[in-house]
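Read the figures in this text as sums done on the coordinates, not as results from a lab. This structure is a prediction, so every number in the text was calculated from the model and none was measured. Ideal geometry is used to build each Cβ from the backbone, glycine not excepted, and the neighbour counts take in all protein chains shown.
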Amino acid sequence: MAALETKDLTKKIFAVKAVDNLTLSLPAGNITGIIGPNGSGKSTLLNLLSGICKSDQGKIKVKGRALADVNPHRIASYGIARTFQGVRLFNQMTTIDNILLALSEKSFFRSLSRRTEKNLALRANEILRAAGLADWAYKPAGELSYGQRKLLEITRVLAAPADIILLDEPFAGLFPEIIVKVSALLKKTRADGRTVMLVEHNLKIIRELCDVVYVLDRGKLIAGGPPGETLSRPEVLAAYLGN
């Protein structure tokens, strides 16, 4: 069974079909790349899958379960977590507290009250060490560099109890050393059996990380399959690379 799938998914923004009759499937335990030129519908697709906006028609299924009329704050109940293009952290809180919130399934204030529990704190420190952020554990997140803050956001999402991770351009603006760390985290996420959807412009990263890639152009799916084969198709070169 696919971890997540869409059938004839359509979303209009004003008179334009940002997502146009889109049918695709995310294999469970894989990293699936979503690419396409600006305006091809990638971010709209993520917004539909995470409940931020509602489709005009079509279906979304999560492990065979219909996803319909779900608010963003309830999307976690479907086992879905996501990032955004802009970094979204609790900047006044410490780096480790940002992770502790992700680890807890309780409310915001209940999470804070539990942060001294030994097992939760140990797990948070393990996660920060794996991401290379242990030295900044007790610094406010707002004091980290842009790359560190983006790494923390990705780490926080991966720490959440979710089986499906949606990432919106996680590598944008990162230095090579941070790219290496994020790539390692995503590979471990896949090895743990979780499913990742990765929206990304860097084709080198798509080739290295993704098991499957889908190509969108003006809201439509124009190609899909293994990266090596898909990225060499003439229609992909014409739409994405401008050749």
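Before moving on, here are some points about what is shown:
- A straight line joining the Cα centroids of the stretch 2-60 and the stretch 158-176 runs 18 Å.
- Taking M1, M93, M197 and counting other C-beta atoms within 10 Å, the order from fewest to most: M1, M93, M197
- Highest mean packing comes first when the peptides 41-47, 53-59 are listed by Cβ atoms within 10 Å, giving 41-47, 53-59.
- Here the label points at A238 and A68, each 7 Å from Cα along the C-beta direction, are separated by 3.8 nm in the simple model.
- The gain in end-to-end length when the Q92 to K187 segment is fully stretched comes to 31.2 nm, 0.36 nm per residue minus the alpha carbon separation.
- Within the stretch 142-243: Cβ-based charge dipole about Cα centre, in debye rounded to nearest 20 (Lys, Arg +1; Asp, Glu -1): 80 debye
- Summed over qualifying helices (DSSP H, 4 residues or more, each -39500 (n - 2.57)) and divided by its residue number, the chain shows a 222 nm mean residue ellipticity of -9500 deg cm²/dmol.
- Under the convention that each Lys and Arg Cβ holds +1 and each Asp and Glu Cβ holds -1, the size of the dipole of the chain around its Cα centre is about 540 debye.
- Extending 7 Å from the Cα toward the beta-carbon at both T23 and Y146 defines two label points whose distance is 4.2 nm.
- Positive end of the dipole of the chain (Cβ unit charges, origin at the Cα centre): among I165, N98, A239, the Cα lying farthest that way belongs to N98.
- Length added when fully stretched, V180-S77, from 0.36 nm per residue minus Cα-Cα: 34.0 nm
- Above-threshold pairs, the threshold being 21 Å between Cα atoms, out of K17/K42; K17/K59; K61/K181; K7/K187; K54/K188: K61/K181; K7/K187; K54/K188
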